[in-house]
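Contents: one structure, followed by commentary.
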């Protein structure tokens with residue numbers, strides 16, 4: 001359980017009026033149109049120009065070992081975190097020559113369509129408790145076969161109904177919070193197929209994690225709210 005008074009707000013969308021097993025993706029036409037538009041733009045010679053920044057600011061391209069970065073965040077120590085939709089988290093402290101891999105759950109993450117590990121956040125008391133949170137879509141193969149004797153960590157089953165999951169890990173204070181204790185894994189939302197966030201489409205699945213400061217969305221047992229109509233939805237869980 002997490003501390004009293006912490007709140008969760010996860011933006012997501014799905015069709016909850018049908019069972020997870022029945023709601024196979026309906027958004028392939030939208031995805032196809034998006035790819036067509038992107039291809040037409042490239043073929044027409046389109047290009048991205050540099051951003052216009054205010055006086056006193058500069059634009060710097062940051063490169064690293066990642067290939068599917070979807071977000072960044074910073075600590076007040078200057079440490080930078082980069083997470084990938086495929087399930088990896090990298091960090092770099094000031095003075096570090098290279099980025100270090102903090103977490104890799106690629107075999108569990110379903111990175112297809114708009115999906116993947118899209119949410120990452122540090123606990124407001126990270127330097128005390130070492131908690132980090134990740135929000136992601138679970139690969140259907142992992143969901144149904146993890147723990148089987150013949151489980152293949154390199155197999156996947158994309159483009160099929162599955163669930164979203166929120167999981168907490170603890171970084172080790174003994175090495176300056178530079179590594180994760182794998183035994184600390186705790187699933188906060190989506191421990192089973194029945195308790196996960198239904199993912200029934202190629203798009204609009206799980207989203208970002210935030211709290212009132214804009215830094216973290218912490219979650220635990222609490223109140224779930226499912227709006228009745230089929231549209232973009234807000235999943236909320238609160239303690240307090």
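The values are calculated or read from the model by the stated rules, or taken from the named source; none is laboratory data. These numbers were taken from a predicted model, which means no experiment stands behind them. Virtual Cβ from ideal backbone geometry, glycine too; neighbours counted across all protein chains shown.
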Mind listing just one residue for me: the one in region 92-107 that is touching a residue at least 40 places away in the same chain (Cβ under 8 Å) and in contact with a strand residue (DSSP E or B) (Cβ under 7 Å, 6 or more places away or on another chain) and, of those, nearest to residue 166 (Cα to Cα)?
103
Right, residue 186: over 23 Å from residue 111 (Cβ atoms), surrounded by fewer than 19 Cβ atoms within 10 Å (Cβ to Cβ) and either modelled with pLDDT of 95 or more or touching a strand residue (DSSP E or B) at 6+ places or on another chain (Cβ under 8 Å) (or both) or not?
no
Checked pairs for region 132-144, first more than 15 Å from residue 185 (Cβ to Cβ), second surrounded by fewer than 23 Cβ atoms within 10 Å (Cβ to Cβ), C-beta under 6 Å and 6 or more apart or across chains, list as 139/156; 140/157; 140/160; 141/155; 141/156; 141/157
